[in-house]
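Reviewing the structure listed below.
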Amino acid sequence: MIQFNNVNKWYGEYHALADITETIAKGEVVVVCGPSGSGKSTLIRTINRLEDIASGTITLDGEDIHGRGVDVNRLRSRIGFVFQQFNLFPHLTVLDNCTLAPLAIGGARPAQAHQKAMQLLDRVGLAHKANAWPSELSGGQQQRVAIARALAMEPPLMLFDEPTSALDPEMVGEVLLVMRDLVRDGMTLVVVTHEMGFARDVAHRVLFMDQGRILERAEPHEFFNHPQHPRAKQFLADIRTPFAQAA
Amino acid sequence: MLELIQTYWLYFLVGQYPDGPLGGVAVTVLLAALALMLAMPIGLLLGLARTSTVAALRRPVSALVYLVRGIPLLLVVFWTYFFLPTVTGVKTGQFTTMLIALVVFDGVYLAEIVRAGIQSVPRGQYEAARALGLDHRRAMARVILPQALRSMLPSLVNQFVSTIKATSLGYIIGLTETSFIATQINSQVFTKPAQVYLLLSLTYFVLCFGLSRFAFMLERRLARRDLPRVARSPGSPTASTAPTA
C-alpha cells in the first residue's frame, strides 16, 4: 500500500531521514518506535506530505505522493492523521469537527454527514458528547474525537503520531482500545508510539528507528524478545528499566 | 452652557444640512463607519498576503505596510488632498479625500492586526485542517480566520476607536466634521471656548466609549458561546495547542 524508496530528508545539516526503503502492506499494522529525534514522526508526516522529502519516492497505491501535479488535498482526504496534541478545532462543536471535511470537500449533504459523524462518534463511545465543545472534554475524549474526525472521509489508511503521549496515564487505555477496534476492522495503520503494550498485542510489525534510519524490522514478539541491533537492545533496556543508566 | 446647546445642537449634529452640506457629528459617524467598512476587506486581504508563503505577494504588501506605518496620518491626508488630483485629473471632494486617506491608513493597520491574529492560532490547527484534505483557502476560511477573529477583537476595537478620533483631522482640509463645526460655533459665540471644546470632547468620548462597551459585550458573548479559549491556555492538561514533537 505504501512504498518508501530511498527516501532522504535533511533539516539543514541534520540527516532526518536516511535512505529509507520500506513497504507497508494493505491491512498491516505497523508500529514505529525509537528514541526521540530518531525521525519516526518525520517519517509518518512524509506519508501525507506534511513534510517534504529531499530525494527518493513514496507511493500510495502506486501514486507518487511527492510527485509534481499530485492533488495533495484529494490524497490527504484518503489518509487519516491523528496528532499527538489532538488539534481539535476549538471553535467548532465535536459534531462540527467531524462533519467539517465531508461538508467542505467531500460534497456530502448535511443530513448524511451528520448521520455519518454520529455513527463515528458512537464508535469511539462519544455520541453523547456530539454537541459539546472540545474544551469541555478530557484529553482522552478529545483524542477519540480526533480519531472520529480523521475517519469521517473513510480513509483506507490511518496514521497516528504519538497519539497517547500527551495524555494522562489513566486515559491512554481508552484511546488504544479505539485504535485496536480499527485494527479489527482490517484498516491499515502506521503508529508512532512508545506504548510497547500496544505494539506487542496489536501490531503486525515493529520498525525501530534511530538517527533517521530504520535499524530493525521485526514481528513484535521477535523485536521484544530478541532484538538484533545494539541500539534496539539499548532502547528496550532503557524503557524497561529507566534507572539502569544511573546505576 | 445650556443656552449654547439649545442654540447650536442641530448645527452641531448635522451642520447646515439640508440647506448646505451635511456636517457635524453625522459626518464624523458616517466617515468613520464607511472608512471601517471599506478598510476591513482591504485589511483582511493585505493581512492574508502578509502571512502568505508566496514572496511575490508578501514582499510588496510588507513594503506598503512599513511605508504607511512610518508616516503620520496627517501626511496621508495631505498626499491624498494635494497629490491625488494631479494623478487622476479630478478634484476630489473633502469627504472623499478624507475617506480615501482613512481607508489606506486603516487598511494597513488592520492588515497588521489580521496578521497577528492569524499567527496567534497554533500551527497545529492549520496542519490538522490540511491533513483532513482542506486546501489553503478553506483551511483559512473555516479553521484559522474564525479563531483569529476572536483574538483580534480587542485590537480591532482599538483601531475603530482611533478611526473615530482620526476623522477630526478632516478639519485641516476644511471638511465640515464635528471639530470643524465646533470651531465655527466657537468663533460665532467667541466668549465660551472652554464650554464649546468641552462639549466637543464629550461628544468624541461618548462615541468611543459606547463603541468600546459594545465590543466588550460582544467579546463576552463570544466567550460564553464557546469556551475554547480556556483550553488554549498553556499547561492545561487538555491543551490542544502545544507544538508537535
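Bear in mind these aren't lab numbers, they're just calculated from the coordinates by the rules spelled out. Owing to the predicted nature of the structure, the values given are computational and were not obtained by experimental measurement. Don't worry about glycine lacking a Cβ; one is built from the backbone with ideal geometry, like all the others, and counts go over all protein chains shown.
Here are the numbers for this structure:
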| read-out | value |
| --- | --- |
| Assigned charges on the beta-carbon of Lys, Arg, Asp, Glu; chain B dipole about Cα centre (debye) | 1060 |
| Net length gained if the chain between B:ASN158 and B:LEU202 were fully extended (0.36 nm per residue, minus Cα distance) | 14.0 nm |
| C-alpha long axis of helix B:145-166 to longest principal axis of chain B, angle in ° | 20 |
| Average Cα contact separation per residue, chain B, under 8 Å, 6 or more apart, as relative contact order % | 23 |
| Euclidean distance of C-alpha centroids, segment A:88-166 and segment B:135-164, integer Å | 25 |
| For residues of A:75-87, the mean tally of beta carbons on other chains within 10 Å | 5 |
| Candidates B:SER168, B:SER155, B:SER52, ranked by Gaussian network fluctuation over chain B, Cα under 10 Å, top entry | B:SER52 |
| From phi via Karplus (6.51, -1.76, 1.60), per-residue ³J(HN,Hα) for segment A:2-10 in Hz, x at Gly/Pro | 10, 10, 9, 10, 6, 7, 10, 8, 10 |
| Distance between modelled label sites at A:ARG240 and B:LEU45, nm, 7 Å Cα→Cβ extension | 6.5 |
| Rounded to whole Hz, the Karplus (6.51, -1.76, 1.60) HN-Hα couplings of segment A:209-220, x for glycine and proline | 10, 8, 6, x, 10, 8, 8, 8, 10, 7, 5, x |
| Value of Rg to Rh for segment B:2-241 (Rh from inverse mean 1/r over Cα pairs, i.e. Kirkwood) | 1.07 |
| Sites A:HIS194 and A:SER55, calculated FRET efficiency, Cβ-Cβ separation with R0 41 Å, nearest 0.05 | 0.90 |
| Amide H partners (placed H, <5 Å) of A:MET209, local residues excluded | A:CYS33, A:GLY34, A:LEU215 |
| Segment A:16-90 - Rg over Rh from alpha carbon coordinates, Kirkwood radius | 0.95 |
| Amide H contacts of A:ALA16 (H built 1.01 Å from N, under 5 Å, at least 5 apart or other chain) | A:LYS9, A:TRP10, A:TYR11 |
| Loop GluC sites (Glu not before Pro), segment A:13-47 (other Cβ atoms within 10 Å of the site Cβ: 13 or fewer; DSSP) | A:GLU13 |
| Whole-Hz couplings from phi, Karplus 6.51/-1.76/1.60, listed for segment B:9-23; x for Gly and Pro | 4, 5, 4, 5, 7, 10, x, 8, 4, x, 7, x, x, 4, x |
| Selection from A:THR59, A:VAL70, A:MET179, by position along the positive dipole direction of chain A (Cβ) | A:VAL70 |
| In nm, spacing of pseudo-spin labels at B:ASP135 and B:TYR66 (7 Å Cα→C-beta vector) | 3.2 |
| Length gained when the stretch B:GLN119-B:LEU218 is fully extended (0.36 nm per residue, less Cα-Cα span) | 33.4 nm |
| Cα shape, chain A, gyration tensor, a/c 1.5 rule | oblate |
| Spin-label model distance (nm) - B:TYR17 vs A:GLN115, 7 Å beyond Cα toward Cβ | 5.6 |
| With Cα atoms, 0 to 90° folded angle of helix A:94-104 axis to chain A main axis | 90 |
| Per-residue mean of C-beta atoms belonging to partner chains within 10 Å, peptide B:116-125 | 2 |
| Crossing angle, helix A:110-123 versus chain A [Cα axis fit, 0-90 degrees, rounded to tens] | 50 |
| Likely footprinting exposure, A:LEU157, B:LEU74, fewest C-beta neighbours within 10 Å first | B:LEU74, A:LEU157 |
| Amide hydrogen neighbours beyond the local backbone of A:SER55, cut-off 5 Å, H modeled | A:ASN8 |
